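*Asks:* Provided herewith is a single structure, encoded as structure tokens, for subsequent inquiry.
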Amino acid sequence: FKQRKDRVTLLFCVNKSDSHKIRSLMIGKARSPRCFHHVNMKALPFEYTNSKNAWMNRSIFEDRFHKTFVPAVRDHL
């Protein structure tokens, strides 16, 4: 039989003392997975994005860094 090659990448961001957490990021292959068909994506405990191989790439990292991480850290400080 052929081995399945489904992948998911998870990104967690927490400070050392665990007093400040940023919403996790899940990277999958599908643009809109079937498992989230009738689910409100805003209500999930993580953000979802897609890429061809379900890997972190430069565009996803830069988007996450500038639009989520930097504003969250500024608000926390």
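The values are calculated or read from the model by the stated rules, or taken from the named source; none is laboratory data. As the structure is a computational prediction, the values presented were derived from the model and not from experiment. Every residue, glycine as well, gets a Cβ built from its backbone with ideal geometry; the counts of neighbours run over all protein chains shown. For accessibility, only protein heavy atoms count, side chains too; no ligands or nucleic acids. Shrake-Rupley method; radii C 1.70, N 1.55, O 1.52, S 1.80 Å.
*Asks:* Starting from residues that are polar (S, T, N, Q) and open to solvent by 80 Å² or more (accessible area, probe 1.4 Å), keep the ones in the stretch 20-40 and report whichever is nearest to Arg4 (Cα to Cα). Explain how you work it out, then say what you get.
*Replies:* Here is the first cut: in the stretch 20-40, the ones polar (S, T, N, Q) are 24, 32, 40.
Cutting the leftovers down to open to solvent by 80 Å² or more (accessible area, probe 1.4 Å) gives us 32, 40.
Working: Ser32: 20, Asn40: 28 Å.
Within the stretch 20-40, the match that is nearest to Arg4 (Cα to Cα) is Ser32.
*Asks:* Before we move on, is Ser17 among the hydroxyl-bearing types (Ser, Thr, Tyr) and modelled with pLDDT under 90?
*Replies:* So Ser17 passes the test.
*Asks:* Here is a list: Ala43, Ala72. Which entry is of a type in the set (Gly, Ala, Ser) and surrounded by 10 or more Cβ atoms within 10 Å (Cβ to Cβ)? If you could, list the steps in order and put the result at the bottom.
*Replies:* Values: Ala43 fails: surrounded by 10 or more Cβ atoms within 10 Å (Cβ to Cβ).
Residue meeting the stated conditions: Ala72.
*Asks:* Could you tell me how many of the residues in the stretch 61-77 are more than 16 Å from Val14 (Cβ to Cβ) and either in contact with a Lys or Arg (Cβ under 9 Å, 6 or more places away or on another chain) or in contact (Cβ under 8 Å) with a residue 40 or more places away in the chain (or both)?
*Replies:* Of the residues in the stretch 61-77, 0 are more than 16 Å from Val14 (Cβ to Cβ) and either in contact with a Lys or Arg (Cβ under 9 Å, 6 or more places away or on another chain) or in contact (Cβ under 8 Å) with a residue 40 or more places away in the chain (or both).
*Asks:* For the subset of the stretch 46-69 comprising residues that are among the charged types (D, E, K, R) and more than 20 Å from Lys5 (Cβ to Cβ), which member is surrounded by the fewest Cβ atoms within 10 Å (Cβ to Cβ)? Before you say what the answer is, go through the steps one by one.
*Replies:* Quick first cut of the stretch 46-69, residues among the charged types (D, E, K, R) only: 47, 52, 58, 62-64, 67.
Those still in the list that are more than 20 Å from Lys5 (Cβ to Cβ) too: 47, 58, 62-64, 67.
Working: Glu47: 16, Arg58: 7, Glu62: 10, Asp63: 12, Arg64: 19, Lys67: 10.
Result: Arg58.
*Asks:* Here is a further query. Suppose we keep only residues that are charged (D, E, K, R) and within 19 Å of the chain's Cα centre (by Cα) within the stretch 1-17. Which one would you say is surrounded by the fewest Cβ atoms within 10 Å (Cβ to Cβ)? Break it down stepwise before answering.
*Replies:* Here is the first cut: in the stretch 1-17, the residues charged (D, E, K, R) are 2, 4-7, 16.
When the remaining residues are screened for being within 19 Å of the chain's Cα centre (by Cα), the result is 6-7.
On the way: Asp6: 8, Arg7: 12.
In this case the residue turns out to be Asp6.
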